[in-house]
Amino acid sequence: CCSRYPSSPDGGSDLCGELRPYKSKHILTQPSLEIVHVPSHNFTLQYSILTQLVYYQDTVEREHQDSFCIKTQIQVNPNVHVFGVFDGHGQYGAQCSNFVNDILVEILSSDSTLLDDPLKAYTSAFLAINSELHDSEIDDTMSGTTAITVLDVGDTLYVANVGDSRAVIAVKNGDQILAEDLSVDQTSFRKDEYERVKLCGARVLSIDQVEGFKDPNIQNWGEEENEGGDPPRLWIPNGMYPGTAFTRSVGDSTAEKIGVIADPEISVVKLTPNHLFFVVASGGVFEFLPSRTVVNMVCPK
């Protein structure tokens, strides 16, 4: 999802609804570019959606488990819009991502405190969704979804992250265009997240450590973007599951017992003319591409 700031207010259109990826290897959802005006600060949001099914040699017919939503004019307010990407995982990951996709905007839209206290509304929405997913007919014992969402209120972005998907914004700095992360991946590479899940009883080990190829007592896996190999994963004290590489998600009721939580981390950004666009994408993108590369792909020099 991209926002160009400022842009021509002419021809702005109001859109309502959710868009889902098709089961196709590579498709640019049509129409490729939409525009919605933000009258409170006299600029427009231009956005497009790209979905691509990752190719796995051993599972060619693997299901596309991601979903995304775009909802403009939340609470019939032309200055409030939501963009989100939900990256499902596990046997029922597609159902989990679609469930969260369907309900998140509904909960935010019905929350009378949304504009008064977006941070509180965001947090309560994710916790409520997590509880509803547990109580639904979807088996989330070993399935769930990460979620990265951006709530635009006028010239302010509220970015809520649960998991290892990511939002990044492009910032013009003189003749350069820089990439600034709007979220921080929630994995055991982070010392604070590692210590939190350890206190909840999680064993943190890579696959190689679990299988005896590496010393399990070495609790240092380097830096995430420089690692390139199998990441540290979470395991119950006396079992070989669930093996999640993230420390927060929606669903995953088994992993919840060892510290995987649905509490979002929320960042706030006040837009300026130097903010060119932002990108919201799943972990399937940022697992292989650093933020700088993603920004360059959207706006090559």
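The values are calculated or read from the model by the stated rules, or taken from the named source; none is laboratory data. No experiment lies behind these values; they were computed from the predicted model shown. A quick note on method: Cβ atoms are made from the backbone with ideal geometry, for glycine too, and the neighbour counts reach across all protein chains shown. Keep in mind that these areas ignore ligands, DNA and RNA; they rest on the heavy atoms of the full protein, side chains included. Shrake-Rupley method; radii C 1.70, N 1.55, O 1.52, S 1.80 Å.
For LYS172, the conditions (1) closer than 24 Å to GLU287 by Cα; (2) open to solvent by 40 Å² or more (accessible area, probe 1.4 Å) are fulfilled apart from (1).
For the range 129-154, the candidate set comprises residues that are polar (S, T, N, Q) and in contact with a strand residue (DSSP E or B) (Cβ under 8 Å, 6 or more places away or on another chain); within that set, the residue that is farthest from LYS257 (Cα to Cα) is THR149.
Need at least 3 residues that are open to solvent by 50 Å² or more (accessible area, probe 1.4 Å) per element, so show me which helices (runs of 4 or more DSSP H) inside the range 239-298 make the cut, counting only ones lying wholly within it. It would help to see each step written out before you state the result.
Details: elements: 253-256, 283-286, 291-298.
Filter on the range 239-298 gives 291-298.
Results for (1) among the aliphatic types (A, V, I, L, M); (2) under 21 Å from ASP140 (Cβ atoms); (3) open to solvent by less than 10 Å² (accessible area, probe 1.4 Å); (4) modelled with pLDDT under 90, shown as yes or no for each residue.
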| position | (1), (2), (3), (4) |
| --- | --- |
| ILE49 | yes, no, no, yes |
| THR59 | no, no, no, yes |
| GLU63 | no, yes, no, yes |
| PHE68 | no, yes, no, no |
| LYS71 | no, no, no, no |
| VAL76 | yes, no, no, no |
| GLY88 | no, yes, yes, no |
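Taking residues in the range 106-125 that are crowded, with 17+ Cβ neighbours inside 10 Å, and partners anywhere that are among the polar types (S, T, N, Q) and outside any helix (DSSP H, G or I), the pairs with Cβ atoms closer than 6 Å and at least 6 places apart or on different chains are ALA121/THR113.
Is it the case that some residue within the range 126-143 is surrounded by 17 or more Cβ atoms within 10 Å (Cβ to Cβ), part of a helix (DSSP H, G or I) and under 14 Å from the mean Cα position of the chain (by Cα)? Yes, because at least one residue in the range 126-143 is surrounded by 17 or more Cβ atoms within 10 Å (Cβ to Cβ), part of a helix (DSSP H, G or I) and under 14 Å from the mean Cα position of the chain (by Cα). When restricted to residues that are touching a Cys at 6+ places or on another chain (Cβ under 7 Å) and not small (Gly, Ala, Ser), the range 121-149 contains 4. Among the residues of the range 226-238, at least one is in a strand (DSSP E or B) and either within 26 Å of GLU132 (Cβ to Cβ) or out of contact with any helix residue (DSSP H, G or I) (no Cβ under 8 Å at 6 or more places or on another chain) (or both). For ILE27, the conditions (1) at pLDDT 75 or above; (2) more than 23 Å from PHE246 (Cα to Cα); (3) open to solvent by less than 60 Å² (accessible area, probe 1.4 Å) all hold with the exception of (1). The number of residues in the range 204-219 that are surrounded by fewer than 19 Cβ atoms within 10 Å (Cβ to Cβ) and either small (Gly, Ala, Ser) or modelled with pLDDT of 95 or more (or both) comes to 1.
Looking only at the range 147-190, count every residue that is assigned to a loop (DSSP other than H, G, I, E, B) and within 19 Å of the chain's Cα centre (by Cα) and tell me the total. Give the derivation first.
From the range 147-190, those assigned to a loop (DSSP other than H, G, I, E, B) are 154-155, 163-165, 174-175, 182-190; that's our starting set.
Remaining after also requiring within 19 Å of the chain's Cα centre (by Cα): 163-165, 182-190.
Counting residues in the range 147-190 that are assigned to a loop (DSSP other than H, G, I, E, B) and within 19 Å of the chain's Cα centre (by Cα) gives 12.
Kindly evaluate GLU193 against the criterion of being out of contact with any helix residue (DSSP H, G or I) (no Cβ under 7 Å at 6 or more places or on another chain), assigned to a helix (DSSP H, G or I) and among the acidic types (Asp, Glu).
Details: out of contact with any helix residue (DSSP H, G or I) (no Cβ under 7 Å at 6 or more places or on another chain): yes; assigned to a helix (DSSP H, G or I): yes; among the acidic types (Asp, Glu): yes.
So GLU193 passes the test.
With respect to ALA94, determine if the residue is out of contact with any helix residue (DSSP H, G or I) (no Cβ under 8 Å at 6 or more places or on another chain) and not in a strand (DSSP E or B). It is true that ALA94 is out of contact with any helix residue (DSSP H, G or I) (no Cβ under 8 Å at 6 or more places or on another chain) and not in a strand (DSSP E or B).
Within the range 196-223, the set of residues being under 25 Å from the mean Cα position of the chain (by Cα) and assigned to a loop (DSSP other than H, G, I, E, B) comprises CYS200, ALA202, SER206, TRP221, GLY222, GLU223.
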